[in-house]
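Read the figures in this text as sums done on the coordinates, not as results from a lab. Given the structure is predicted, the values throughout are model-derived calculations rather than measurements. So basically every Cβ, Gly included, is an ideal-geometry build from the backbone, and we count neighbours across all protein chains shown.
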Amino acid sequence: MHPIIFQLGSFRFPAYGLMVACGYLAGISYILRFAGRSGFRKEDISDLIFYSVLGGMAGAKLFYAVTYWKEFGGDFASRLGYALRTARYGFVFYGGLIFGAAVFFTAARLRKIRALKAADLFAPALALGHAFGGVGCFLAGCCYGRPTSCALGVTFTNPASEVNPLYLGVPLHPVQLYEAAGNLAIFLILHKALGRSLKGRLPAGAVTALYAVLYCAQRFLIEFLRGDDRGALRFGLSPAQLISAAVFIAGAAILTRLKAEK
């Protein structure tokens, strides 16, 4: 597609970075807009956003490095050097989600913020921001799909894209757009659920658990259409699918428990 928006000399402005930045801005704007209605001070929520974003970015990069470490070079020094040189790209969403969530709940506890209610506020924003990220992946050519003959197939021809050179000129499933559309739909569902939560019709934590169920179900299915390296398979499933299955079960159990308590 269009991995580079423009180039001035050696400086390149990447489409992926632009869309990720837009996703962060959209998500943060959403959170701050509803912070007051959720009973939080914007100062406290701003701190949660800051630390969660840092933790998420670190976790996403760490998971990427662990997953593809052996492909970074022949020895530790070359691998570490490659990881540092490519710090601006190469992230694993679940790594960011896990680390970001850990930092979020730790920070919320230290600041004595109602963590579950705050998480319900963050969940729709996460889905919204992720939708922008999916478009960024499509423009960059990363996270590409398997070859397909269906009418939805998209052909990448730009050698600067992240698509495997063997797949250039081959119609591929636009899984990045599938996921972006799915995340947008999840955002709309969660936004409505948040409205019910603010009116006291849903218990704290319900919106977050609903996000876990919806996103993990979507991610589990989309993984079957991915054409990039998904890591070592276990039981015929990728690491992302195994994580999706585990989180889906946990989210469904929490929803069931909250419904029973309600």
- [ ] Need at least 2 residues that are closer than 26 Å to Ala123 by Cα per element, so show me which helices (runs of 4 or more DSSP H) inside segment 14-105 make the cut, counting only ones lying wholly within it.
- [x] 15-35, 42-68
Task: segment 19-46, residues that are within 30 Å of Glu162 (Cα to Cα) and touching a helix residue (DSSP H, G or I) at 6+ places or on another chain (Cβ under 7 Å) - done: Met19, Val20, Cys22, Gly23, Tyr24, Ala26, Gly27, Ile28
Open item on the list: I want to confirm something. Restricting to segment 35-57 and keeping residues that are surrounded by fewer than 16 Cβ atoms within 10 Å (Cβ to Cβ) and small (Gly, Ala, Ser), which single residue is nearest to Gly81 (Cα to Cα)?
Closed with: Ser46
- [ ] Would you check if Arg219 is part of a loop (DSSP other than H, G, I, E, B), of a type in the set (D, E, K, R) and out of contact with any Leu (no Cβ under 7 Å at 6 or more places or on another chain)?
- [x] no
- [ ] For segment 228-261, name all the residues that are basic (Lys, Arg) and within 21 Å of Ser197 (Cα to Cα).
- [x] Arg257, Lys259
Open item on the list: Pairs please, first residue from segment 180-193 and without any contact (Cβ under 8 Å) to a residue 24 or more places away in the chain, second anywhere and among the polar types (S, T, N, Q), Cβ atoms under 9 Å, 6+ apart in sequence or on different chains.
Closed with: Ala185/Gln218
TODO: Determine, yes or no, whether His130 is touching a residue at least 12 places away in the same chain (Cβ under 8 Å) and either farther than 19 Å from Tyr94 by Cα or outside any helix (DSSP H, G or I) (or both).
DONE: no
TODO: Sort out which residues of segment 1-53 are among the small types (Gly, Ala, Ser) and either farther than 12 Å from Ala118 by Cα or under 21 Å from the mean Cα position of the chain (by Cα) (or both), and write them in order of number.
DONE: Gly9, Ser10, Ala15, Gly17, Ala21, Gly23, Ala26, Gly27, Ser29, Ser46, Ser52
